Every structure is written in structure tokens, then in C-alpha cells.
Amino acid sequence: MRLHIINGPNLNLLGLREPDIYGKQSYGDLVEYLHASAETLGIAIDCFQSNHEGELVTLIQQTYGQADGIVINPAAYTHTSVAILDALKAVALPAVEVHLSDVSQREDFRRVSYPALACIAVIAGKGFVGYKDAMILLRSALAK
Ligand code: DQA
């Protein structure tokens with residue numbers, strides 16, 4: 001089983017950006033955590049990050065034929081991007097949306113998610129662990 005883990009804008013600045021909300025660990029720490037978790041779970045992963053909406057669309061398109069499922073934190077594009085929703089619908093792979101912070105407890109505009117309409121679940125507010133939970137969820141969804 002292979003999963004693509006796709007992170008959106010400003011997540012490359014983890015550790016630096018709003019540490020009270022997103023924590024003090026860096027994007028590099030996240031990638032390390034993802035690889036360690038995937039190994040424990042017996043899942044192969046590829047990790048990607050982009051600050052550009054079109055590049056995120058291309059990364060989603062490229063999962064087709066290359067991965068069995070998608071873990072995606074679309075970051076700010078969560079709340080605006082029909083293009084990301086359409087790309088997820090186009091490849092039609094099981095996908096889980098992850099947010100480090102609890103978006104339901106923040107500004108009203110963060111309660112809207114377009115990509116969630118094409119995802120089997122949304123996990124928010126669990127920090128790095130949310131990504132591991134997403135992998136576990138996809139592993140059981142794909143085993144069915
Ligand atoms: C985020 C939540 C988004 O609202 C925000 O724009 C982000 C990060 C999160 O992981 O909590 O950039 O996706």
C-alpha cells in the first residue's frame with residue numbers, strides 16, 4: 001500500500017509560523033514523523049509540500065496510478081479551493097483531510113472545507129498524530 005501525503009501553503013514554515021497554534025516542530029520534523037509512522041504501520045509513503053494551488057492540483061493528479069490513497073492538508077486552500085476538490089474527485093482515490101489545528105474552534109471561515117466533500121474523513125486538532133490516524137484510517141478503508 002502506498003499513500004501520497006500532500007501538504008499545502010505555509011506548512012513548510014512549521015515551527016516558525018504561529019507556534020501557539022501549530023507547535024514548535026518544523027516541517028522536517030513532520031516528514032520524519034510521517035516516515036517513522038508509516039514504517040510502523042507497514043505503509044509506503046511519499047511526502048510533498050507546495051505553496052501553489054496549481055501545483056497541489058498537479059500533485060493530486062499524479063497520485064493516479066502511483067498511489068492507493070491520499071492524506072492531504074490543503075492548509076488555507078481548504079477554505080477556498082474548488083480546484084483541489086475537483087482534482088480529488090477526478091482521481092477518485094480514498095482521501096483523508098488533516099489539519100494540525102482544530103479548525104472548528106477558530107475563525108468562522110475555517111469551518112468551510114471544499115476538499116472535505118471528496119474525503120472519507122476529516123481529522124483536525126490532533127497535531128502530527130492526525131496524519132498517523134489518517135494513515136490508519138486509509139489502511140483499513142483500503143483493506144475492505
Ligand atoms: C491548517 C488550518 C488552516 O485553516 C490554515 O490555513 C493552515 C493550516 C492546519 O493544519 O491546522 O494553513 O490546515
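Here are the numbers for the structure shown:
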| read-out | value |
| --- | --- |
| Gain upon complete extension [Asp108, Ala83; 0.36 nm per residue less C-alpha separation] | 6.9 nm |
| Order of Ile120, Ile5 under a 10 Å beta carbon neighbour criterion, fewest first | Ile120, Ile5 |
| Inter-centroid distance (Cα atoms) of the stretch 1-77 relative to the stretch 97-144, Å | 12 Å |
| DSSP bridge orientation in the chain - percent antiparallel, rounded to nearest 5 | 0 percent |
| Normalised contact order of the chain, rounded percent, pairs of Cα under 8 Å and 6 or more residues apart | 27 percent |
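Rule-based calculations on the coordinates, nothing more; no lab input. Every value quoted in this text rests on a predicted model; they were computed, and no experiment measured them. For neighbour counting, all protein chains shown are included, and Cβ atoms are generated from backbone atoms with ideal geometry for every residue, glycine included.
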